[in-house]
Amino acid sequence: MGCPPDWYLRGMTSGRWIAAPPRHRRSFAALVTLAFIAVGLAACGPSAPSDPVAVGPPGAPGASTPPGSQGAAAPGAPAPAGAAGATGGASGAAPASGPTTELPIFFVRDGKLGVARRQLPADVNIVTNALDTLLAGPSTAETDAGLSTAIPNLTRVRSTGLMGDVLVVNLSGSFSALGPQFSSELRVAQIVYTVSVFPVRVLFQIDGQQARAIGGFILPDRPVTRDDFASWAPPVLVETIGPNERLTPTTPISGSTAAAGTGVGIRVTDAAGNVVYEGSTTSAKGRGVRHAFETAAPFTAAPGPGTLTVSELNPAPSTQPLVLTIPVQLG
């Protein structure tokens, strides 16, 4: 009691970086408030809680739970719906019957991070919903568009919890399995980027124990952020448009670049290959390692299939410019 009602709003703007916002800003702000209000209440005391505050099912939302105890399946219990390892690219979250919001889910494209976007229930379980969706892997259409994942397909979310602004992500032992060179760090980057739409730092646990290493990757001895994995983002990372999404003349096209002042080319073509819009923007210098850009493509075209092409206009010397093609639905 006695906590100022805008505590969590101030907290959401105190981080080192700001993730690219989902399209439905007002509804997203509401669900962030809902998912993180337990942290706001806990932070009103003189010190941070000693145990994470639960933010995902099962169990009562907001209940204080020791690490590893919440969400762990009983021996022989069936895997939760949407868990990784499902084929056919299920979205990972149960079908929503109430309000939803669209979030970026970070898969892999050409050895770097790539984005799909999914509608998820806008409730206190949003963090776990996003992680379950990530662990389920890309859909068939997303795979056809070039997305894959470095996360082992038996990985499960044991629990998620908050300690101050640190999100504790407790995963099953499969997440730490050895794999191809660099795949361990890339899978960690997928988790960090996906949950970093929320204002958190991330601490990993494996089966309830703090993780010192994931596969062959040695974790820093502290909570991590996107800045720790910026090398796994491509020179231009688009966060607000995923494969087969609806693109309108006013849809925000935003994300980040590796270097400040990077020129970002935008081209929209229709199903016949006709260019219906071509333009560019430039990323602004940010406080973190990555630098944000945002624009739109005010095209004129009939509704139907199309392609959004995003390109790097001034690549580093002796490097091939990034050219990203995303199938979209013009509307």
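The values are calculated or read from the model by the stated rules, or taken from the named source; none is laboratory data. Worth saying up front: this structure is predicted, and the values here are computed from it rather than measured. We place every Cβ from the backbone using ideal geometry, glycine too, and count neighbours over all the protein chains shown. For the accessible areas, the whole protein counts, side chains as well, though only heavy atoms, and no ligand, DNA or RNA atoms are used. Shrake-Rupley method; radii C 1.70, N 1.55, O 1.52, S 1.80 Å.
Does ALA177 satisfy being out of contact with any Pro (no Cβ under 9 Å at 6 or more places or on another chain) and over 25 Å from ILE326 (Cβ atoms)? The answer is no for ALA177. For the stretch 308-327, filtered to residues that are of a type in the set (Val, Ile, Thr) and open to solvent by less than 80 Å² (accessible area, probe 1.4 Å), the residue that is farthest from ARG267 (Cα to Cα) is THR319. For the stretch 308-327, a residue qualifies if it is within 22 Å of GLY261 (Cα to Cα), in contact (Cβ under 8 Å) with a residue 40 or more places away in the chain and not in a loop (DSSP other than H, G, I, E, B), and the qualifying residues are LEU308, THR309, VAL310, SER311, GLU312, LEU324.
The number of residues in the stretch 219-246 that are open to solvent by less than 20 Å² (accessible area, probe 1.4 Å) and part of a loop (DSSP other than H, G, I, E, B) comes to 8. Here the condition is being under 14 Å from the mean Cα position of the chain (by Cα), among the hydroxyl-bearing types (Ser, Thr, Tyr), over 15 Å from GLU245 (Cα atoms) and crowded, with 19+ Cβ neighbours inside 10 Å; of THR160, THR155, THR149, it holds for THR149 alone. Being on the phi > 0 side of the Ramachandran plot and among the polar types (S, T, N, Q) is a description that does not apply to ASN153. For the stretch 271-285, the tally of residues that are buried (at least 16 other Cβ atoms within 10 Å of the Cβ) and over 24 Å from PRO305 (Cβ atoms) stands at 2.
Of all residues in the stretch 204-216, those that are touching a residue at least 24 places away in the same chain (Cβ under 8 Å) have Cβ atoms under 6 Å from Cβ atoms of residues that are of a type in the set (Phe, Trp, Tyr) and assigned to a strand (DSSP E or B), 6 or more apart or on another chain, in ALA211/PHE204.
If you take the residues of the stretch 291-304 that are closer than 30 Å to ASP228 by Cβ and open to solvent by 40 Å² or more (accessible area, probe 1.4 Å), which of them is farthest from the chain's Cα centre (by Cα)? Filtering first and then ranking leaves GLU294.
Here's the yes/no breakdown for (1) of a type outside the set (Gly, Ala, Ser); (2) open to solvent by 40 Å² or more (accessible area, probe 1.4 Å); (3) in a strand (DSSP E or B):
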position	(1), (2), (3)
THR250	yes, yes, no
VAL264	yes, no, yes
THR269	yes, no, yes
VAL289	yes, yes, no
GLY306	no, no, yes
GLN329	yes, yes, yes
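Only residues that are open to solvent by 20 Å² or more (accessible area, probe 1.4 Å) and either among the hydrophobic types (A, V, I, L, M, F, W, C) or on the phi > 0 side of the Ramachandran plot (or both): list them for the stretch 188-214, please. Hits for the stretch 188-214 are LEU203, ILE206, ASP207, ALA213.
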